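Below: the structure, in structure tokens.
What follows is calculated from the coordinates using simple rules that are stated; it is not laboratory data. Not measured: the values here are computed from a predicted model. Heads up, the Cβs are rebuilt from the backbone with ideal geometry, glycines too, and the neighbour counts pull from every protein chain shown.
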Amino acid sequence: MCGIIGAVSQRDIAKILLEGLRYLEYRGYDSAGLMVVNSTGKANRLRCVGKVNNLVCAAEHAVLLGETGIAHTRWATHGKPEESNAHPHISTNIAVVHNGIIENYELLRDQLRNRGYTFFSETDTEVVAHLVHWEQQRGGSLLTVVQRIIPDLCGTYGMVILDTYSPDRLIAVRSGSPLVIGCGIDENFIVSDPMALLSVTRRFIYLEEGDIAQISSYGIEIMDRCNNIVQRCEIELDTHYDAGNKGLYSHYMQKEIYEQPLVLINTLSGRYNNSLVELSEFNDQTYSLLKQVEHIQIVACGTSYHAGMVARYWFESLANMPCDVEIASEFRYRRSVVRKNSLFITLSQSGETADTLAALRLSKNLGYLGSLSICNVSSSSLIRESDFSLMTKAGIEVGVASTKSFTTQLAVLLILVAKISSLKGTTSKVEKEIVNALQILPGCIEEVLLQDKLISKLAQNFSNKNHALFLGRGEQYPIAMEGALKLKEISYIHAEAYAAGELKHGPLALIDSEMPVIVVAPQNSLLDKLKSNIEEVRARGGLLYIFTNSISSFSGSHNIHIIPLPHIPVVLEPIVYIVPLQLLSYYIALMRGTDLDKPRNLAKSVTVE
Ligand code: F6R
């Protein structure tokens, strides 16, 4: 993961780099560092363990003068989150910041040790600094030196290289990790995400795979992977970044859970009319492609993968459309059979998830009809590289645990199911049912949020638990998985989800009076089956927490807690039932005192595989 930023200017640049790092922190927050150099080649490096704020505080007491600089916020891959592993890494006059993984670093490190280099970190990145330094002895400009070492590197990288002997330029290299040039007046920048530079420029050039760029305050030169000089188009971003503040809420995650009715209204607005779906993003060509679709392949990671799992139930049961869903990191490394007329759908909040992007790139050579991305960030690589896309309009999601991006993904998927069902079917009955249901969705979620107090009280029972089990059937099975993911990532309680029918095939052995079992049990055709599974748990003394709108189905007893939920159309159940599970995880994490907007070891955007 990691966020990188570099600048070549005619003014002191440290403040801008630090401000940029604050935005980039969603890409990792194990350590942060920067290095600035002035026109005489005098350089200063500062690195700190932990969040960017630690670096900002340390910078207040440091002398950081220089018009050229590079900075980095790290999500540790190779080497612990310690200062010695924080970027920039240096080799005499060369400094490097890197996002990605140099896979052959061990071999390179051994070679460089044999040449007399000493390594001060456990990272894969440090080899690049030494390699550039070694290669520089053979002569040539920094640009040509970097071009010569690129063939030696295996893996993925977005890198920025600074040479204190040539402080008027930076070299940026993109291979597998995004990099964007920010074009200023008498200054230029390079960054992992353009949003981090909005305070200084709105003009950006996206580097393409294999590009190398030489950036100075007076010019930008870009070469492709064959070292040909190329022109990449400059675009002007009219987006603005406003994560807002937390307002009355204690955490972004809590705010984002509560924002769900509103962002669902935003996501759905303009997408239907008179009970029929209208998608202004799609043109005649898109519709004729959709008419040919006979199979859907969904690929995503984490929470987005869970949304895909729900959609599989919907596509098959409501639109009679065969659908498969796969985790991107699995899909990209196996030989899969592409079904006839298959549409490739990627789901992602950030649009920068490395595995999802790699799967999309792979799909292009496999014979899919086309690629559709459902994504929350309009400037993301996923949107730019997909044939067509549907935006979720969740707004900026700051909390590392996805909440509103999940429910808006589900809403967009349901819209797509409705459209595909009417394009492929003979009537628009399903489309109308879905659209009518979606119109009351925001209100249903408002109602669920009213259970906040009850859920916060229940959370107290979990504060000393080490494990939890989540159960669901049908479309609620992925919701149980998503509930378990939320709990483990922010409260660090080990949680597992099972399709309730699987219990007796092993997990039932885990049940005792210490094991909380959370059941997602809406009133639908599977409720009777689920009740039998609940009885199996109850008979073994399990501690049950049942989220249901069928209260009369469950007789109370000391080891059963019922969380009553409103009556809603069956098709909305997955979208509505995740909300109380988000709240439950939130309150449990709050009680356990974790850093719940930035849980340990994680990052908001997973840009390494
Ligand atoms: C969990 C979570 C992650 C992401 C996953 C994919 O709360 O946020 O599991 O869902 O890293 O990220 P995107 O959706 O940005 O591709």
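In whole Hz and in residue order, list the ³J(HN,Hα) couplings for segment 588-599 that follow from phi through the Karplus curve 6.51 cos²θ - 1.76 cosθ + 1.60, θ = phi - 60°; x for Gly and Pro. So the Karplus estimates, Gly and Pro as x, are 5, 5, 4, 5, 7, x, 7, 7, 6, 7, 9, x Hz.
Here the label points at S378 and N559, each 7 Å from Cα along the C-beta direction, are separated by 5.4 nm in the simple model.
In whole Å and largest first, what semi-axes does the C-alpha gyration tensor of segment 1-80 yield when each eigenvalue is scaled by 5 and square-rooted? Display every interim value, and only then the final one.
On the way: eigenvalues 88, 29, 24 Å².
So the three semi-axes of segment 1-80 are 21, 12, 11 Å.
Taking amide H positions as modeled 1.01 Å from N, with prolines and chain starts lacking one, the residues under 5 Å from D211 and 5 or more places away or on another chain are R174. Structure note, pairs K457/K486; K393/K432; K80/K364: Cα-Cα distances above 28 angstrom occur for K80/K364.
Residues whose amide H lies under 5 Å from that of I563, counting only those 5 or more places away or on a different chain, are I546, F547, T548; hydrogens are built 1.01 Å from N in the peptide plane. Taking 7 Å steps out from each Cα toward its Cβ at K340 and E496 produces label points 4.1 nm apart.
Considering only DSSP states other than H, G, I, E and B, which trypsin sites (Lys or Arg not before Pro) in segment 101-185 qualify as loop sites with at most 15 other Cβ atoms within 10 Å? List each step's numbers first, then the result.
Values: sites: R109, R113, R115, R138, R148, R169, R174; in loops: R115, R138.
Of the trypsin sites (Lys or Arg not before Pro), the ones in loops of segment 101-185 whose Cβ has at most 15 other Cβ atoms within 10 Å are R115, R138.
Of the GluC sites (Glu not before Pro) in segment 210-283, the ones in a loop by DSSP (not H, G, I, E or B) with at most 16 other beta carbons within 10 Å are E278, E281. For segment 493-594, the spread of Cα positions along the three principal axes, ordered from largest to smallest, is 34, 33, 25 Å.
Here the mean projected area of the convex hull built on the C-alpha positions of segment 552-609 is 7.1 nm². Taking amide H atoms as placed 1.01 Å from N in the peptide plane, the amide H of R232 has no partner under 5 Å among residues 5 or more positions away or on other chains. Sequentially through segment 331-336, phi angles give Karplus couplings (6.51, -1.76, 1.60; θ = phi - 60°) of 4, 6, 10, 10, 7, 10 Hz, Gly and Pro residues having no value and appearing as x.
In degrees, nearest 10, range 0 to 90: what is the angle between the Cα axis of helix 429-449 and the longest Cα principal axis of the chain? Helix 429-449 sits at roughly 80 degrees to that axis.
Dimensions of segment 290-365 from C-alpha coordinates, computed as largest minus smallest value along each principal axis and given longest first, are 31, 26, 19 Å.
Its residues counted as N, the chain yields a C-alpha radius of gyration over 2.2 N^0.38 Å of 1.02. Measuring nothing but how far apart in sequence close Cα pairs (under 8 Å, 6+ apart) lie, relative to its length, the chain scores a relative contact order of 12 percent. Extension gain, T426 to K457: 0.36 nm times the residue separation minus the Cα-Cα distance gives 6.2 nm. Three principal axis extents describe the C-alpha atoms of segment 94-240; from largest down they are 50, 27, 27 Å. 3J(HN,Hα) along segment 499-509: 5, 3, x, 7, 3, 6, 8, x, x, 4, 4 Hz, from the Karplus curve 6.51 cos²θ - 1.76 cosθ + 1.60 with θ = phi - 60°, whole Hz, x for Gly and Pro.
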